[in-house]
1. Could you give every pair whose Cβ atoms fall below 6 Å, whose first residue belongs to segment 69-83 and is modelled with pLDDT of 85 or more, and whose second residue is among the basic types (Lys, Arg), counting only separations of at least 6 or pairs across chains?
2. Tell me which residues, restricted to segment 32-63, are of a type outside the set (D, E, K, R), part of a loop (DSSP other than H, G, I, E, B) and at negative phi.
3. Which of the following residues is in the same structural domain as Lys2 (by TED's automatic domain parsing), farther than 18 Å from Lys2 by Cα and of a type in the set (Gly, Ala, Ser): Gly28, Gly24, Gly80, Gly38?
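The values are calculated or read from the model by the stated rules, or taken from the named source; none is laboratory data. The shown structure was predicted, so the numbers you read here are calculated from the model rather than taken from an experiment. Note: ideal-geometry Cβ built from the backbone for every residue, glycine included; neighbour counts use all protein chains shown.
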Amino acid sequence: MKENVVVSGRGQITLPASMRRRLGIKSGGVLVAEERKGELVLRRAAVVELDTYTDEEIARWNKEDRLSPDERSRIMRKVGRKR
C-alpha cells in the first residue's frame, strides 16, 4: 500500500497510523533506515539489551568460580572458546 509522508524541516517523517498498526510499529519503536538503489527502505530493528562488565568483575567471577581447571577447560572447549 502506498501513502504519502511529508518530511519536516528537521528531517522527520510521520508514518500513517494505519501503516504503523498493520506493521506493529509502536511509539518508541526502533526502525532501520536503509538506502537501496536510490530508494529508502524502513524495517523494524531487532533491539537487544547488552550488559557490559569490567575486567575486574570478570576476574572476581573467575576467582569465585568453583570449577576445577580441568572442568573449566572441558566446558570452554565445548562452547568453542580456547583458554
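1. Partner pairs satisfying both residue conditions: Met76/Arg83.
2. Filtering segment 32-63 down to residues of a type outside the set (D, E, K, R) leaves 32-33, 38, 40-42, 45-48, 50, 52-54, 58-59, 61-62.
Narrowing the set further to residues that are part of a loop (DSSP other than H, G, I, E, B) leaves 38, 45-48, 50, 52-54.
Scanning segment 32-63 gives Ala45, Ala46, Val47, Val48, Leu50, Thr52, Tyr53, Thr54.
3. On the way: Gly24 fails: farther than 18 Å from Lys2 by Cα; Gly80 fails: in the same structural domain as Lys2 (by TED's automatic domain parsing); Gly38 fails: farther than 18 Å from Lys2 by Cα.
Exactly one of Gly28, Gly24, Gly80, Gly38 is in the same structural domain as Lys2 (by TED's automatic domain parsing), farther than 18 Å from Lys2 by Cα and of a type in the set (Gly, Ala, Ser), namely Gly28.
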